[in-house]
Amino acid sequence: MSSTADLDVVLPKGMLIGDAIVAKPDGIGVIDPASGMHFADAPDASRADLDAAVAAAKAAFPAWSARSWTERGDLLARYIEAIRADIDGLAALLVREQGKPFQKARSEIASGLNFISGYRGMELEVEVIGDLATQRVEVHRTPLGVVGAITAWNYPAMLALWKIGPALIT
């Protein structure tokens, strides 16, 4: 695909918070910089929506953090493959939203996926920093809590993936 002129963008009229789509019939208009035309609406999140998302993440945290490194890695692999399965559609959407050339948009997403693929097999093992006859000192790395991430406009997909991958595995 090299042109997005005929791309019919249908975005959900809401946000995924927890395991449900929270309806947001009014949104923020997204303008295609190449045509100046409105082509989609992004959900307009309120402070209450943010609070609900953080609460849902905190509620999901105990079960997620109890998963083994292998389980989290397998789920991260499924996440990567789901994005790869629609990389052209996501790149076309990025072109419409941001205006960069299609191949640059596709490369941005692919680069982000390649980066986080390295986290799939990651496991931080217990580190022994002192082992004496009378004491043993170990460093254990365990998940601490919910992560929030903000990305810049210039590489939104890649920068988001760079943050999401490490957060999900750890």
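Annotations
- Radius ratio Rg over Rh of the stretch 36-133, counting only Cα atoms, Kirkwood formula for Rh: 1.13
- Evaluated over the Cα positions of the stretch 117-170, the convex hull gives a direction-averaged projected area, one quarter of its surface, of 5.1 nm².
- Coarse-grained scattering of the stretch 25-84 at q = 0.13, 0.27 Å⁻¹, given as base-10 log I(q)/I(0) from a Debye sum over alpha-carbon atoms: -0.66, -0.99
- Here's the list of lysines a cross-link from Lys24 could span, going by alpha-carbon distance under 29 Å and ignoring same-chain residues fewer than 8 apart: Lys13, Lys58, Lys100, Lys163.
- Put a plus charge on the Cβ of each Lys and Arg, a minus charge on the Cβ of each Asp and Glu, and nothing anywhere else: the dipole of the chain about its Cα centre is then about 200 debye.
- Contact order, relative form, for the chain: 21 percent (alpha carbon pairs under 8 Å, 6 or more residues apart, mean separation divided by residue count).
- Where chymotrypsin sites (Phe, Trp or Tyr not before Pro) fall in DSSP loop in the stretch 96-163, at most 11 other Cβ within 10 Å: Trp153
- Cα-based helix-to-principal-axis angle, 87-98 vs the chain, degrees rounded to 10: 60
- Values of log10 I(q)/I(0) for the stretch 90-133 across q = 0.17, 0.23 Å⁻¹ run -0.60, -0.78, by the Debye formula with one identical scatterer at each alpha carbon and no solvent.
- Computed from Cα atoms alone, the Kirkwood hydrodynamic radius reported for the chain is 18.5 Å.
- Given charges at Cβ of Lys, Arg, Asp, Glu: the chain dipole, positive-most of Ala53, Ala92, Ala152: Ala152
- Packing rank of 88-96, 57-65, where each peptide gets the mean count of other beta carbons within 10 Å, highest leading: 88-96, 57-65
- Helix-only CD estimate at 222 nm, as mean residue ellipticity for the chain, using -39500 (n - 2.57) per DSSP H run (n ≥ 4): -15500 deg cm²/dmol
Every number in this text was worked out from the coordinates using simple rules, so none of it is lab data. All values derive from a computational prediction rather than experimental measurement. In this analysis, Cβ positions are derived from the backbone assuming ideal geometry, glycine residues included, and neighbour counts consider all displayed protein chains.
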